[in-house]
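The values are calculated or read from the model by the stated rules, or taken from the named source; none is laboratory data. Bear in mind the structure is a predicted one, so any value in this text is a computation, not a measurement. No Cβ is skipped: glycine too gets one built from the backbone with ideal geometry, and neighbour counts run over all protein chains shown. These accessible areas exclude ligands, DNA and RNA; they are computed on the full protein's heavy atoms, side chains included. Shrake-Rupley method; radii C 1.70, N 1.55, O 1.52, S 1.80 Å.
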Amino acid sequence: ALFFLQTSDPRSEAVKLIMASAKVNHNARMERLAQQIKMQKGPFTQIKNQIQKMVFHLNKEQTDEDEHKMWCDTEIETTEQSLEDKKQKIEALNAKIAKLEATIEELKQKIHEDEKEVADTNEYMKDETELRTANHKQNEITIEDSKKAQKAVTGAIAVLTQFYKSSGGVAKEEWEFLQTSNPGYNEGGASFQKTDGAQAVLNLLEECLQKFSAMEAEATAANESDQQAYDEDMSAKKILLAELRNNIKMKTSRKTTAEQNLASTQATQKKTTNQKEALDIYMKDLDQPCIAGDSSYDDRKAARDKEIDALRSAESILAKAFDEPASFAAVKKHA
């Protein structure tokens, strides 16, 4: 009579336990297992095997998900680190590119300034050479004119001196009296008295001669001084041109090297940028298998653990029931 009063059926309890867990976690396989246990007519061993297979299946799912999560965590961490490395490298490359571009522009400007100074110096030397040539020519003309004037004045002085001496306009030297017996008459027979005008004329001619001589000396000295200053100036300008051309050569070489470095750095920057873009795409691709979903890894693991606990509890309930054959037989008879 006691057995017929029993209202709790171990199989029903186990099925209910499994079914409740299946509905909470929306596990169709668990629902099918609950239905199979409910309809199972065989011995407990078959039911036990079915429960254990489900436990094995859930453990296998968890192991697979653990491995997948480990792979995801590794891929995400590695990708994030690679992205950070690429980002830092790109920033460094961008800074290097900016510095190289600034260096190249600065060198271009300095080369342009040096080239302009070379052109200006060449123009200056050309103008100075033309001016020196013109001045030298003018000095030579002045010197030549001075020499001609001196020759002419010297000749005039000699002629007039002879004339004045022969005419008595200018006193003769003592030695000159020995050469003539008639000092009061000139060669043409005219007689003149000594006058101050003759000496004044000769003095004027002497002054002219001295001026022309001084003009020659000044022109010669100026020509030599101008030539020396010109030679020194041209020598300094040639040294300056050599320095400027050497500077241009060195700066051009530095600019060429900087341009080569810039091209290489830009190529590296482009390659690194492409790699970063590929990593960005890969990171997005990892979202679907590793991040996106209705539940988290921890939630799925907790749900799976509850399912396994429910299965083990159901197995324990059924094991206890099948371990009491009399009670189980009475229940079956009553049923």
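Looking at this structure, is Glu117 under 29 Å from the mean Cα position of the chain (by Cα), within 19 Å of Asn247 (Cα to Cα), surrounded by 13 or more Cβ atoms within 10 Å (Cβ to Cβ) and touching a residue at least 60 places away in the same chain (Cβ under 8 Å)? Before you say what the answer is, go through the steps one by one.
On the way: under 29 Å from the mean Cα position of the chain (by Cα): yes; within 19 Å of Asn247 (Cα to Cα): yes; surrounded by 13 or more Cβ atoms within 10 Å (Cβ to Cβ): yes; touching a residue at least 60 places away in the same chain (Cβ under 8 Å): yes.
Spelling it out, Glu117 is indeed under 29 Å from the mean Cα position of the chain (by Cα), within 19 Å of Asn247 (Cα to Cα), surrounded by 13 or more Cβ atoms within 10 Å (Cβ to Cβ) and touching a residue at least 60 places away in the same chain (Cβ under 8 Å).
In the set Asn139, Asn135, Asn186, only one residue is at pLDDT below 60 and polar (S, T, N, Q); that residue is Asn186.
Here is a yes/no grid of residues against (1) in contact with a Leu (Cβ under 8 Å, 6 or more places away or on another chain); (2) polar (S, T, N, Q):
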position	(1), (2)
Gln46	no, yes
Asn49	no, yes
Gln52	no, yes
Asp73	no, no
Thr79	yes, yes
Glu84	no, no
Asn94	no, yes
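Considering every residue within the stretch 277-291, establish whether at least one is part of a helix (DSSP H, G or I), in contact with a Ser or Thr (Cβ under 6 Å, 6 or more places away or on another chain) and open to solvent by less than 40 Å² (accessible area, probe 1.4 Å). Yes, the stretch 277-291 contains a residue that is part of a helix (DSSP H, G or I), in contact with a Ser or Thr (Cβ under 6 Å, 6 or more places away or on another chain) and open to solvent by less than 40 Å² (accessible area, probe 1.4 Å). Once the stretch 216-238 is narrowed to residues that are touching a residue at least 24 places away in the same chain (Cβ under 8 Å) and among the small types (Gly, Ala, Ser), the residue that is nearest to Glu123 (Cα to Cα) is Ala222. Figure legend. Inter-residue proximity from the stretch 260-274: first residues in contact (Cβ under 8 Å) with a residue 40 or more places away in the chain, second residues surrounded by fewer than 11 Cβ atoms within 10 Å (Cβ to Cβ), beta-carbon distance below 7 Å, spacing 6+ or different chains. No pairs are indicated. Any residue at all in the stretch 260-272 that's in a helix (DSSP H, G or I), of a type in the set (A, V, I, L, M, F, W, C), open to solvent by less than 60 Å² (accessible area, probe 1.4 Å) and within 30 Å of Asn122 (Cβ to Cβ)? Within the stretch 260-272, none of the residues are in a helix (DSSP H, G or I), of a type in the set (A, V, I, L, M, F, W, C), open to solvent by less than 60 Å² (accessible area, probe 1.4 Å) and within 30 Å of Asn122 (Cβ to Cβ). Within the stretch 48-67, not a single residue is farther than 30 Å from Ile18 by Cβ, without any contact (Cβ under 8 Å) to a residue 60 or more places away in the chain and among the polar types (S, T, N, Q). For Lys48, the conditions (1) at pLDDT 95 or above; (2) more than 30 Å from Asp280 (Cα to Cα); (3) of a type outside the set (Ser, Thr, Tyr); (4) surrounded by 13 or more Cβ atoms within 10 Å (Cβ to Cβ) all hold with the exception of (1). Would it be correct to say that Ile291 is of a type in the set (Val, Ile, Thr), at pLDDT below 85 and within 60 Å of the chain's Cα centre (by Cα)? Taking the combined requirement at face value, the residue satisfies it.
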